[in-house]
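Just below is one structure, and these are the notes that go with it.
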Amino acid sequence: MGKSEVKRFLEERKILNDIVMKYSDKNIKRFYNLDSSVFHKGALPIKTKELIGLVASLVLRCNDCVTYHIARCKDEGVTDAELEEALAIGLIVGGSITIPSLRHAFKCWEEL
């Protein structure tokens with residue numbers, strides 16, 4: 001059995017980020033650093049932050065971001081029930097236009 005789409009996505013994401021960093025100046029690197037640092041443990045646990053990132057990604061309909069946050073949620077021990085509740089919030093906030101990304105999220109979850 002071959003690699004899952006999620007694993008392939010994560011590998012390609014790393015390769016592409018390495019290319020971005022090769023050509024980036026301090027402005028892009030600062031943005032990437034900020035993006036990474038807001039997901040570190042703070043007042044909110046990392047798991048909660050990843051669920052928030054997932055809901056925002058669902059509402060914005062960014063399937064690459066959904067895939068990334070689904071993988072991170074799995075890494076952080078999110079349960080099926082927690083995932084469903086978070087995605088339900090995203091669906092309510094984003095409306096029916098988010099359904100394709102909702103399907104994508106559950107497909108990725110199922111793969112993992």
Cysteines without a disulfide-compatible partner [the chain; Cβ-Cβ under 4.7 Å]: C73, C108
Too-long pairs where the Cα-Cα distance tops 25 Å, listed order kept, from K26/K47; K49/K107; K26/K74: K26/K47; K26/K74
Alpha-carbon centroid distance for the pair region 1-34 / region 35-55, whole angstrom: 19 Å
Residue-by-residue Karplus 3J(HN,Hα) for region 73-82, coefficients 6.51, -1.76, 1.60, Hz, glycine and proline x: 4, 4, 4, 8, x, 4, 8, 4, 5, 5
Computed [θ] at 222 nm, deg cm²/dmol, the chain (DSSP H ≥ 4; -39,500 (n - 2.57); rounded to nearest 500): -25000 deg cm²/dmol
Region 5-111, relative contact order [Cα under 8 Å, separation at least 6], %: 31 percent
Computed Kirkwood radius, in angstrom, where 1/r is averaged over Cα pairs of region 15-77: 12.7 Å
Of (1) 14.8; (2) 15.7; (3) 21.1, the label for Kirkwood radius over Cα pairs in Å derived from the coordinates: (1)
Sequence ranges 61-74, 84-97, 3-16, ranked by mean other-Cβ count within 10 angstrom, highest first: 61-74, 84-97, 3-16
Lys/Arg +1, Asp/Glu -1 at C-beta; the chain dipole; positive extreme among S36, G77, C108: S36
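Every number in this text was worked out from the coordinates using simple rules, so none of it is lab data. From a predicted model like this one, the values you see are computed outputs, not experimental measurements. Using ideal geometry, Cβ is built from the backbone for each residue, glycine included, and neighbour counts are taken over all protein chains shown.
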